[in-house]
Each structure stands twice: as C-alpha cells, then as structure tokens.
C-alpha cells in the first residue's frame with residue numbers, strides 16, 4: 001500500500017504583498033507562515049517552499065544513507081545532514097546541495113563516499129528532483 005502525505009496551504013493577496021501559511025496534516029509541526037519575501041530574503045519566522053523541500057531532502061537523505069550503510073554492514077553512529085535548495089526568481093529551483101558529516105564505525109573514506117553518492121541518487125526526494133534540479137553532495141567522514 002502506498003503512503004500518502006498531505007500538507008495544507010492558504011494564501012491571501014497578490015504574490016509580493018500577500019501571504020499565507022502551510023501546515024502538515026499530521027500536526028508534526030504547527031502552521032507556519034509563508035511569503036514571497038521568505039523565498040527571496042529569508043524572513044525570520046516565515047518559511048518558503050524551498051525551505052520545506054530542503055527539510056524533506058535532508059530527512060530523506062539521512063534515512064536512505066543510514067539504510068545503505070547498515071545494509072553494507074557498517075555501524076552508523078550519527079549523520080548530520082543539511083540541504084540547501086537554491087531558488088532563482090524567474091527561473092525556479094536550480095539545485096539542491098546535500099552536506100553530510102557522519103560518524104560510522106568500520107568504514108573507509110572511499111566506502112563512505114560511495115555509499116553517500118548512492119544515497120544521494122537513490123533517496124525518494126532526490127528521485128523526485130532528478131532531471132529538473134542539479135543534485136550536489138559534500139560528504140565528510142568524521143573520526
């Protein structure tokens with residue numbers, strides 16, 4: 001059975017002066033305000049579609065990378081991932097850059113990077129973005 005996720009958004013007014021909000025149907029986080037300025041100026045306390053995509057990409061990548069490492073027989077201690085989604089007004093979303101810092105027992109730097117790339121290419125959010133958005137990766141194995 002497929003899993004279906006839902007979020008709801010509202011908007012009032014025009015693009016540049018209006019505003020709205022978004023919230024997940026599960027209540028995992030409270031309703032968050034969205035605005036055009038949050039997209040282009042990073043307005044404090046408001047989010048943007050790109051920030052929400054970045055959050056989804058970082059979370060999805062953590063899960064995919066952890067799974068790949070575990071299946072390869074490595075003990076994952078910790079993965080810290082950030083995703084930076086670039087939005088160019090008039091063009092759209094152009095890239096998503098994942099940066100992972102990981103502590104993993106029993107792995108070489110080369111194996112870590114290989115598994116990191118495989119997770120970048122295989123995570124479902126990457127799959128949804130692939131072909132439309134440049135996907136980049138910075139992978140760092142910590143001692």
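The values are calculated or read from the model by the stated rules, or taken from the named source; none is laboratory data. Predicted, not measured: the structure shown is a model, and the values here were computed from it. Here Cβ is always computed from backbone atoms with ideal geometry, including for glycine, and neighbour counts include all displayed protein chains.
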Among the listed residues 89, 143, identify the single one that is over 29 Å from residue 19 (Cα atoms) and surrounded by fewer than 18 Cβ atoms within 10 Å (Cβ to Cβ). 143
Of the residues in the stretch 98-126, those that are more than 14 Å from residue 68 (Cβ to Cβ), part of a helix (DSSP H, G or I) and within 13 Å of the chain's Cα centre (by Cα) come to 125
Check on residue 70, at negative phi, part of a helix (DSSP H, G or I) and modelled with pLDDT of 95 or more: yes
If you go through the stretch 128-143 one residue at a time, how many are out of contact with any helix residue (DSSP H, G or I) (no Cβ under 8 Å at 6 or more places or on another chain) and assigned to a helix (DSSP H, G or I)? 1
I need the full set of residues from the stretch 9-29 which are surrounded by 10 or more Cβ atoms within 10 Å (Cβ to Cβ), within 21 Å of residue 44 (Cα to Cα) and under 20 Å from the mean Cα position of the chain (by Cα), in order please. 9, 21, 22, 23, 24, 29
Failed condition for residue 83, given (1) modelled with pLDDT of 95 or more; (2) over 11 Å from the mean Cα position of the chain (by Cα); (3) closer than 27 Å to residue 37 by Cα, with all others met? (2)
Taking into account only those residues within the stretch 32-62 that are in a loop (DSSP other than H, G, I, E, B) and farther than 30 Å from residue 122 by Cα, which is modelled with the lowest pLDDT? 43
